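Worksheet for the structure shown next.
Just so it is clear, none of the values below were taken in a lab; they were calculated from the coordinates. Since we're looking at a predicted model, the values are computed, not measured. Cβ atoms come from the backbone with ideal geometry, glycine included; neighbour counts cover every protein chain shown.
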Amino acid sequence: MTGAASGIGLAAARCFADLGLHVVMADLPGEALDRAVETVRQAATGGARVLSAPCDVADRVAVGHLAQTSFDAFGAVNVLMNNAAIGVNPGRTWEGGEGWRALMDVNLWGVIHGVQAFVPRMLEMALPGLVINTGSKQGITLPPGNSAYNTSKAGVKAYTELLSHELRQAGGTLSAHLLIPGFTYTGMTGRPEKPPAAWTADQVIGFMLTSLARGDFYILCPDNDVAREVDERRVRWSADDLIRNRPALSRWHPDYQEAFAAFMAEG
């Protein structure tokens, strides 16, 4: 898994190692990755090996080397988790071009690089397997505030939906899944303590495993503040913007505030 030095990636690595799976932990080189790898090694059971793999997912060649290292070390890859992301805000849609590019290189191209480096060999091996890409609710309802991040995660959603369809058309036992965390306490929250409304990364991974066992594609996580029913209403309203020809992001449009509040109250 990428983005494995902290947050959801670290929780996933720890969980899989505890289940006895060999784990390759990829993240930028440094002390954070070194500490995370040691933590996961302590949690490993059943002879599971934990491999440290410094890698910048924005670099296509580096991700190719990551794939080669993983297959060389263990012979096969059954679970690929493209999770690395950054949450910096480079500005509005017409601002911060270099910042936009840097964010897209990690959040969107990092996922694409991972799929293109690993999936062809995973298909060749014809073994049961999963590709899990970490998206965001912000890539679905697009709340104003960080347009670059929202755009990157909208791209991950679309890309993973297309990947799922194409894997299904290809046959075999490899499937794709979109992890959609709710409010989760990770390094990107920028807070020293977990807010009461947030889930922990371990809760997200526990929910993910339950959802994967059902075969879910959309792994839509709640949190301690927002129930699934609320998420569903918000997603439905956003989809209806197109169908009803409302202004873009009408949920935040002053002319539609009362209508949105009434719609949510109906649910």
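Between THR39 and TRP94, 0.36 nm times their residue separation minus their Cα-Cα distance comes to what?
Between THR39 and TRP94, full extension yields an extra 15.6 nm.
Taking the Cα centre of the chain as origin, sum charge times position over the Cβ atoms of Lys and Arg (+1) and Asp and Glu (-1), and report the length of that vector in debye to the nearest 20.
Values: 22 positive and 27 negative charges, 52 e Å.
Taking the Cα centre of the chain as origin, the dipole is about 260 debye.
Compute the projected area of the convex hull of the Cα atoms of segment 227-267, averaged over all viewing directions, and report it in nm² to one decimal place. Could the numbers behind the result be given before it?
Working: hull surface 10.7 nm².
Here the figure is 2.7 nm², rounded to one decimal.
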- Query: What's the extension gain from LEU127 to HIS165 if we count 0.36 nm per residue and subtract their Cα-Cα distance?
  - Reply: 11.9 nm
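How big is Rg to Rh over segment 59-147, alpha-carbon atoms, Rh as the Kirkwood inverse-mean-distance radius?
On the way: Rg = 15.6 Å, Rh = 14.6 Å.
For segment 59-147, the value is 1.07.
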- Query: Could you give the angle, 0 to 90 degrees to the nearest 10, between helix 109-125's Cα long axis and the longest principal axis of the Cα atoms of the chain?
  - Reply: 50 degrees
- Query: Mind checking the angle between helix 201-214 and the chain's longest principal axis? C-alpha axes, 0 to 90 degrees, to the nearest 10.
  - Reply: 90 degrees
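Under the Kirkwood approximation applied to all pairs of distinct alpha-carbon atoms, what is the hydrodynamic radius of the chain in Å? Please list the in-between numbers first.
On the way: mean 1/r = 0.0516 Å⁻¹.
The Cα-based Kirkwood calculation yields 19.4 Å.
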- Relative packing of peptides 55-63, 216-224, 21-29 - highest average C-beta neighbours within 10 Å first: 21-29, 55-63, 216-224
